[in-house]
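Read the structure below first, then the notes.
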Amino acid sequence: MITARNMVKKFGHFIANDHLTFQVRKGEIFGFLGANGAGKTTAMRILCGLSAPTSGEISVAGYNVYRQKEKIKRSIGYMSQKFSLYEDLTVRENFRFYGGIYGLPRKRIRERTAYLLEKLNFSHAIDKKIAQIPLGWKQKLAFSIAIIHSPRIVFLDEPTSGVDPITRRQFWEMIYETASREVTVFVTTHYMDEAEYCNRVSIMDQGRIEALDTPARLKEKYQAANMNQVFVQIAR
Amino acid sequence: MAAVTVDHISKHYGSTAALRQASFEVDPGELFGLIGPDGAGKTTLFRILTTLLIPDQGQVRVRGYDPVGEYRKLRRLIGYMPGDFSLYGDLTVEENLDFFATIFDTTIEANYHLIRDIYQQIEPFKRRLAKNLSGGMQQKLALSCALIHKPEVLILDEPTTGVDAVSRKEFWDMLLKLKQQGITILVSTPYMDEAGLCDRVALIQQGQLMKMDAPARIIEAFPKKLWIAKADHPYRLLLDLREWSDLAAVYPFGDSMHLTAHSDDLDETRLKQFLRERNHTSVEVARANPTIEDCFMDLMNQ
Amino acid sequence: MKRFFGFVRKEFIHIFRDKRTLLILFGMPIAQILIFGYVVTNEIKEARIAIYDKSKDAVTHEITDKLLSSDYFRLAKTIEDEQQIEATFEKGDVKEVIVFESDFDEKLHHEQSAQVQILLDATDANMANLLQSYTSGIINDYSRHIKVSSGNMPAIKPKPRMLFNNELKGVYMFVPGTMALILMLVTAMMTSISITREKEMGTMEVLLVSPLKSVQIIAGKVMPYVALAFLNGVAILALGYLVFDMPVHGNVVLLLGETLLYIIMALSLGIFISTVSPTQQVAMFISMFALMLPTMLLSGFIFPIENMPWPLQWLSTIIPAKYFIILIKHIMIKGTGFVFVWKETLVLLGMTAIFIGLSIKNFKIRLE
């Protein structure tokens, strides 16, 4: 689904991404970890078609990041901690707006909205303004909206930051559920226990990928009890 | 005398309650953690303590002063680091520190010993603009700025949010050192795993303090037996366990599931048998000690 | 005091490191002056005029020749009867119509005096004024010339008449107007933005928790802008005086004093805006719509207040810039002293007091 070979991004003399090579498979939950300033955001922006790499062969959902940015944008969903729904619009209006952005027909938007809210058990609040909805629910709604156009890949940038522990787990269940329908999930997080929910994780440090494997194998390799210890060993 | 006394304070914003009848005390020299998710009321509580907000109800004392009536005296005694660090991005590291020293009528030199351990880590970059620092370094600079006037009480609002695991660990090491210098520290965090580093913690959710105690005692007080289950396909494992009516709660924790049952008679054999019936492979089942996070979720469900 | 200066120093750093602020502070006044300077150009080249010669004798021909050979004017039309004049102006073909009365030569030599009427389109007041003075200049020159050669004292009397804007509001307005506008923007907008910026960044929280008093915070934030705005004011006055020949007939100290008063008024307004705006955007928005547009449109800077419908006239009485412009014009052009401007000074003082009062009432020593 995502293939990056020797992906490089330079800002002047600063190398933000230093020859990143990785692949993400269809339906995989791929954890993208790294210290602050390690180059995660830069890489994610390139993969979302928001910025052009300096060099490297990169394709996302089968499209080339240099030439087919628009096609990439149509095939992916994106949600970040900062990605906010419009507070003064209702749930329904937010769905309609984002559905409209991706050019979904009215009928399809209605169906998807009903389906996604049903799954969240949130259908009763469809006409509530976002401003009146608790934070945890907002994050779950934001995720639903990120997948309203049935993207093949969804990028999640610290989606659970500051969310209570129960909602955080419900959020991950949504991720599992999404991945079980062959949607690829590419996720960053600062919660190291969440890294363990991923099929595979990569850990970046100073622009390079220092480790890439399943959480179990990484723990074995670094002889660590949990991912936190693995991370601290690599990023130190 | 307690360093901080909070007695039944409530605070509303319009019709939403940010704090409901919160009460606690912090002893001098204690490292006190306020643990809860965003929107739980942590920032509101800290803003009341730092004289920035007036509670609707209740009494507050910080070092014996009332943040409402005696805010002027109190403002000299506290060091405050608001969320998202609040530095001047267009000032250099050194200019920021110098500015905060000046407005408290002191100099970097006078209190350098207080911040030396922390500031030395960012001193090589002292001519760099604060906005060009990494999250971890900004956090260290913000802490230095909050410490430069030698406060008696240090109040840190989510100092580790959005900061990577390594910087977080370093930050907590610094707090433990400061504690040794006798400074009373109140710190809030949404990361449950940081609770264990505090002397005492308060678990807060939707404006309510659910529990307050030493972390070890909160864990001891967990009312149920906790089990851990592991198998090859965690998502299927979760869905299957959810269907089992004997279980009260099933939560994913890293690579395994944490389970609690309605009654105490759940045992290893029954668990394993259930999972075998559902064709799970590489099944591992064990009793485990709860974490603060387990306690938090249990309290949330009450 | 050391605390306070530390604060002011920090504020200067903010200003000098932010290119946008610098541009507004120093680029805008220069740009404004240049733009107005260009509009209010002192040069006339081939202005289109029409001539209505009722006399058609040797003298009128000679004067016409003199006018047209000067490069300043170009004959666009010859008018043959009274009715055409208005139509010509309305079409916008010409800027000026010169009317020689009938029997011009006769009257000049027998009655020693003849009239030339100079009709001007004064919608562009400055242009009209210039055309008028050039035309009169050439005619007077001619008049002197025949005086010398013939020995007696005939006089050609140019009678200028401004159409459409007969009092010529607008001339000399641009320096006081620009000054009123720029000082208002620099001080009110920049201070309100710089205070709300601290709110937005969260640093205001830290400042509030420090032992700084709110007066110190505010004074520290506005101090640099007082200095910079004053510098701006002086620069505008100097440009007006040196480049555009704006006269300064009155007392310079009084002029600078009133400028300072206006700056302080604008500052207190800026502080007031910052106390009611939660974000920079709101502050910017309020400044734009509540300050900049009224200052431009209702202060008499661009449109004469006397020609406005009464609701707008009434509204203009609460526009501080109006009083400042009156003050400046009195002092600079008419050269009047304080005795004649104390009312306006009092109004500005009163406004300052009101805004400071409101700001103190609104400035929170806490959040929310």
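Restricting attention to the stretch A:62-86 and to residues that are charged (D, E, K, R) and farther than 24 Å from residue A:179 by Cβ, the residue that is surrounded by the most Cβ atoms within 10 Å (Cβ to Cβ) turns out to be A:69.
Taking the stretch C:26-83 as the search range and keeping residues that are of a type in the set (S, T, N, Q) and modelled with pLDDT of 80 or more, which one is nearest to residue C:236 (Cα to Cα)? Break it down stepwise before answering.
Applying the first criterion (of a type in the set (S, T, N, Q)) to the stretch C:26-83 yields C:32, C:41-42, C:55, C:60, C:64, C:69-70, C:78, C:83.
Next cut, modelled with pLDDT of 80 or more only: C:55, C:60, C:64, C:69, C:78, C:83.
Values: C:55: 49, C:60: 44, C:64: 40, C:69: 37, C:78: 43, C:83: 45 Å.
Among residues in the stretch C:26-83 that are of a type in the set (S, T, N, Q) and modelled with pLDDT of 80 or more, the one nearest to residue C:236 (Cα to Cα) is C:69.
Matching residues to (1) surrounded by fewer than 18 Cβ atoms within 10 Å (Cβ to Cβ); (2) more than 24 Å from residue B:238 (Cα to Cα); (3) among the β-branched types (Val, Ile, Thr):
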{"site": "A:141", "(1), (2), (3)": "no, no, no"}
{"site": "A:156", "(1), (2), (3)": "no, no, no"}
{"site": "A:189", "(1), (2), (3)": "no, no, yes"}
{"site": "A:197", "(1), (2), (3)": "no, no, no"}
{"site": "A:207", "(1), (2), (3)": "no, yes, no"}
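Scanning the stretch B:1-29 for residues that are in contact (Cβ under 8 Å) with a residue 40 or more places away in the chain, under 13 Å from residue B:63 (Cβ atoms), surrounded by fewer than 17 Cβ atoms within 10 Å (Cβ to Cβ) and under 20 Å from the mean Cα position of the chain (by Cα) gives B:5, B:27, B:28, B:29.
Residues that are within 13 Å of another protein chain (Cβ to nearest Cβ) and of a type in the set (A, V, I, L, M) were ranked within the stretch B:111-138; the one that is surrounded by the fewest Cβ atoms within 10 Å (Cβ to Cβ) is B:129. Among the residues of the stretch A:173-197, those identified as under 25 Å from residue B:190 (Cα atoms) and within 12 Å of the chain's Cα centre (by Cα) are A:175, A:185, A:186, A:187, A:188, A:189. Any chance you could count how many residues in the stretch B:43-71 are basic (Lys, Arg) and out of contact with any strand residue (DSSP E or B) (no Cβ under 8 Å at 6 or more places or on another chain)? Residues that pass the stated criteria total 1.
Only one entry in C:226, C:206, C:215 is crowded, with 22+ Cβ neighbours inside 10 Å and either assigned by TED's automatic domain parsing to the domain that holds residue C:30 or not small (Gly, Ala, Ser) (or both), namely C:206.
Here is a check on your reading of the model: is residue B:185 closer than 22 Å to residue B:115 by Cβ and either among the β-branched types (Val, Ile, Thr) or not assigned by TED's automatic domain parsing to the domain that holds residue B:64 (or both)? Step through it out loud before you land on a result.
Details: closer than 22 Å to residue B:115 by Cβ: yes; either among the β-branched types (Val, Ile, Thr) or not assigned by TED's automatic domain parsing to the domain that holds residue B:64 (or both): yes.
In short, yes.
Residue count for the stretch C:80-128 satisfying the condition of being without any contact (Cβ under 8 Å) to a residue 40 or more places away in the chain and of a type in the set (Lys, Arg): 2. Looking at the stretch B:23-109, the helices (runs of 4 or more DSSP H) lying wholly inside it that each contain 1 or more residues that are farther than 26 Å from residue B:212 by Cβ and more than 7 Å from every other protein chain (Cβ to nearest Cβ) sit at B:71-77, B:93-103.
Which members of the stretch B:130-173 meet the condition of being aliphatic (A, V, I, L, M) and modelled with pLDDT of 90 or more?
B:130, B:141, B:142, B:143, B:146, B:147, B:148, B:153, B:154, B:155, B:156
For the stretch C:191-203, enumerate the residues that are within 13 Å of chain B (Cβ to nearest Cβ) and touching a residue at least 40 places away in the same chain (Cβ under 8 Å). If the condition is that a residue be within 13 Å of chain B (Cβ to nearest Cβ) and touching a residue at least 40 places away in the same chain (Cβ under 8 Å), then C:194, C:197, C:199, C:200 are the ones that fit. Considering only the stretch B:139-158, I want to know if a residue exists there that is touching a residue at least 24 places away in the same chain (Cβ under 8 Å), under 12 Å from the mean Cα position of the chain (by Cα) and either within 14 Å of chain A (Cβ to nearest Cβ) or assigned to a helix (DSSP H, G or I) (or both). Checking the stretch B:139-158: at least one residue is touching a residue at least 24 places away in the same chain (Cβ under 8 Å), under 12 Å from the mean Cα position of the chain (by Cα) and either within 14 Å of chain A (Cβ to nearest Cβ) or assigned to a helix (DSSP H, G or I) (or both). Per the listing B:288, B:249, B:261, B:231, the residue uniquely of a type outside the set (Val, Ile, Thr), in contact with a Phe, Trp or Tyr (Cβ under 8 Å, 6 or more places away or on another chain) and within 14 Å of another protein chain (Cβ to nearest Cβ) is B:288.
Within the stretch B:196-236, if we keep just the residues that are of a type in the set (Phe, Trp, Tyr) and touching a residue at least 60 places away in the same chain (Cβ under 8 Å), the residue that is surrounded by the most Cβ atoms within 10 Å (Cβ to Cβ) turns out to be B:227.
Give the residues of the stretch B:116-146 that are under 15 Å from residue A:36 (Cα atoms) and among the polar types (S, T, N, Q), sorted by residue number. Once the filter is applied, which keeps residues that are under 15 Å from residue A:36 (Cα atoms) and among the polar types (S, T, N, Q), the stretch B:116-146 yields B:132, B:134, B:138, B:139.
Among residues of the stretch A:115-129 that are surrounded by 14 or more Cβ atoms within 10 Å (Cβ to Cβ), none has a beta-carbon under 6 Å from a residue that is at pLDDT below 90 and in a loop (DSSP other than H, G, I, E, B) at least six positions away or on a different chain.
Among the residues of the stretch C:321-342, those identified as over 15 Å from residue C:261 (Cα atoms), part of a helix (DSSP H, G or I) and in contact with a Pro (Cβ under 9 Å, 6 or more places away or on another chain) are C:329, C:332, C:333.
For the stretch C:304-344, a residue qualifies if it is β-branched (Val, Ile, Thr), touching a residue at least 60 places away in the same chain (Cβ under 8 Å) and closer than 16 Å to residue C:181 by Cα, and the qualifying residues are C:325, C:328.
Of the residues making up the stretch A:132-169, those that are more than 13 Å from every other protein chain (Cβ to nearest Cβ) and out of contact with any strand residue (DSSP E or B) (no Cβ under 9 Å at 6 or more places or on another chain) are A:140, A:141, A:144.
Here's the yes/no breakdown for (1) out of contact with any helix residue (DSSP H, G or I) (no Cβ under 6 Å at 6 or more places or on another chain); (2) assigned to a helix (DSSP H, G or I); (3) of a type in the set (Lys, Arg); (4) more than 21 Å from residue A:224 (Cβ to Cβ):
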{"position": "A:161", "(1), (2), (3), (4)": "yes, no, no, yes"}
{"position": "A:166", "(1), (2), (3), (4)": "no, yes, no, yes"}
{"position": "A:187", "(1), (2), (3), (4)": "yes, no, no, no"}
{"position": "A:194", "(1), (2), (3), (4)": "yes, yes, no, no"}
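Exactly one residue out of A:209, A:203, A:175 is assigned to a helix (DSSP H, G or I), in contact with a Leu (Cβ under 8 Å, 6 or more places away or on another chain) and either at the interface with chain B (Cβ under 9 Å from one of its Cβ atoms) or at pLDDT 90 or above (or both), and it is A:175. Of the residues making up the stretch A:178-200, those that are within 12 Å of chain B (Cβ to nearest Cβ) and either among the acidic types (Asp, Glu) or within 19 Å of residue A:18 (Cα to Cα) (or both) number 4. One residue alone among A:37, A:56, A:31 is out of contact with any Phe, Trp or Tyr (no Cβ under 7 Å at 6 or more places or on another chain) and without any contact (Cβ under 8 Å) to a residue 40 or more places away in the chain, and that residue is A:37.
A single entry from B:252, B:223 fulfils the requirement of being within 28 Å of residue A:31 (Cα to Cα) and not in a helix (DSSP H, G or I): B:252.
The values are calculated or read from the model by the stated rules, or taken from the named source; none is laboratory data. Note that this is a predicted model, so its numbers are computed, not measured. All Cβ positions, even for glycine, are placed from backbone atoms using ideal geometry, and neighbour counts span all protein chains on display.
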